[in-house]
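The values are calculated or read from the model by the stated rules, or taken from the named source; none is laboratory data. These figures come from a predicted structure and were not determined experimentally. So basically every Cβ, Gly included, is an ideal-geometry build from the backbone, and we count neighbours across all protein chains shown.
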Amino acid sequence: MRRYKYITFQDRRTLAAAYERGERAADIAERLGVTVATVYRELKRGESTDGSGNVILDRNQRPAYSPVIAQQTVQASFKPVSYTHLTLPTNRE
């Protein structure tokens, strides 16, 4: 099982396909090498909503999961890196 690693976009696509087929979260977690809690957090992160904020349901009547939305959410949560504490060498000739 992975420890302290981010789920990749490919993992998210695998999760989406398995979830769409109706697989259990425990089976998806085992396949991805993560905990069941991680799968549930990821499903929440990638919930699809309509324009008014209502959750869209998939064909299994579960909240729809979008790997693209999940990836965008993760990338938006990364803090920008600041290099202001570094100083560049000066040319002294």
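Overview of results
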{"item": "Qualifying helices (runs of 4 or more DSSP H) (wholly inside segment 1-66; at least 1 residues being at pLDDT below 90 and closer than 19 Å to residue 77 by Cα)", "result": "none"}
{"item": "Given (1) of a type in the set (Gly, Ala, Ser); (2) without any contact (Cβ under 8 Å) to a residue 24 or more places away in the chain; (3) surrounded by 12 or more Cβ atoms within 10 Å (Cβ to Cβ), index of the condition residue 37 fails", "result": "(3)"}
{"item": "Scope segment 45-78; condition over 20 Å from residue 10 (Cβ atoms) and of a type in the set (Lys, Arg); matching residues", "result": "59, 62"}
